[in-house]
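Presented below is the structure to which this report refers.
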Amino acid sequence: MPPTVLIARALLLDMDGTLVNSDAVVERCWRRWAVEHGLDPEAALKVVHGRQGYATMAVLLPDRPMEENHADNRVMLAEETADVEGVVPIGGAPAFMAAIAELPHALVTSADTALATARMGAAALPMPAVRVTAEQVGASKPDPEGFLKGAAELGFDAADCVVFEDSEAGIAAGRAAGMRVVGVGPRAAALAPDVHVEDLTRVSVEAAADGSIRLHIDAA
């Protein structure tokens, strides 16, 4: 089957699970938190990906005051930022980031700036000049705010952007923003993105003469 070709003016990139494999850290920290709060760690891990920590906590402990979730989230962010053991790039991420270095793109992540900097650094990936982190939004994914802010900062309409995401919350946010979504990795496979790839080795990038970006995607 021939590759799928998506044409965009700008790319909006999630970090965890999309560019960086941080599952080992996420599982360590969230298992510990779940046990401390009398929750089933396996059930907790099913909802942690893609959201800001306080939003995950609100799902898992719906009757707890939100200020307690925000307080715990600050502790969680500090723990995750200090722990980069096992953080590695997703397959193909270094070449993909090199290919888009001079093209319009932004990082849109539920991590704060410190955590994003730590994980991108641990994976030896370049930090995009344009980034939307947790501090810059009022609502976590699946709200589309982060992607819409990223598009606006780059100066493009939502319809001209393609999102790269791995999680249910992130894919829902991309859709809600009116953007096409490339799902990356095993979590995304069952979430019906516009196109799904195992990792970024399946994506090649072509800068067109008219300034557009042609993404050649081998979903096989």
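The values are calculated or read from the model by the stated rules, or taken from the named source; none is laboratory data. Here the structure is a predicted model, which means the values were calculated and not measured. Quick reminder, even Gly has a Cβ in these numbers, built from the backbone with ideal geometry, and neighbours come from all protein chains shown. Ligands, DNA and RNA are excluded from the accessible area calculation, which covers all protein heavy atoms including side chains. Shrake-Rupley method; radii C 1.70, N 1.55, O 1.52, S 1.80 Å.
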* Of all residues making up segment 1-19, the number that are open to solvent by 60 Å² or more (accessible area, probe 1.4 Å) and either without any contact (Cβ under 8 Å) to a residue 12 or more places away in the chain or touching a helix residue (DSSP H, G or I) at 6+ places or on another chain (Cβ under 7 Å) (or both) -> 2
* Could you tell me whether any residue of segment 96-111 is buried (at least 16 other Cβ atoms within 10 Å of the Cβ) and among the polar types (S, T, N, Q)? => yes
* Scan the strands (runs of 3 or more DSSP E) fully inside segment 127-202 and keep the ones with 2 or more residues being free of Cβ contacts under 8 Å to residues at least 40 places away in the same chain. => 180-184, 195-197
* **Contacts under 9 angstrom Cβ, first residue in segment 68-90 being touching a residue at least 60 places away in the same chain (Cβ under 8 Å) and under 17 Å from VAL48 (Cβ atoms), partner open to solvent by less than 40 Å² (accessible area, probe 1.4 Å) and not in a helix (DSSP H, G or I), 6 or more apart** => GLY86/SER22; VAL87/VAL20; VAL87/SER22; VAL87/ALA123
* Which of (1) open to solvent by 40 Å² or more (accessible area, probe 1.4 Å); (2) modelled with pLDDT of 90 or more; (3) in contact with a Lys or Arg (Cβ under 9 Å, 6 or more places away or on another chain) is the odd one out, the single condition ARG51 does not satisfy? -> (2)
* Could you run through segment 69-100 and say how many residues are within 23 Å of ALA158 (Cβ to Cβ) and either outside any helix (DSSP H, G or I) or in contact with a Gly (Cβ under 7 Å, 6 or more places away or on another chain) (or both)? => 1
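Results for (1) closer than 17 Å to ALA10 by Cβ; (2) of a type in the set (Phe, Trp, Tyr); (3) open to solvent by less than 20 Å² (accessible area, probe 1.4 Å), shown as yes or no for each residue.
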site	(1), (2), (3)
ARG131	yes, no, no
VAL137	no, no, no
SER140	no, no, yes
ASP143	no, no, no
ALA151	yes, no, yes
ASP160	yes, no, no
ALA172	no, no, no
* State which residue is surrounded by the most Cβ atoms within 10 Å (Cβ to Cβ) when the search covers only segment 112-124 and only residues that are over 14 Å from the mean Cα position of the chain (by Cα) and in a loop (DSSP other than H, G, I, E, B). => ALA123
* Positions within segment 20-48 being open to solvent by 70 Å² or more (accessible area, probe 1.4 Å), within 22 Å of LEU191 (Cβ to Cβ) and assigned to a loop (DSSP other than H, G, I, E, B), in sequence order -> LYS46
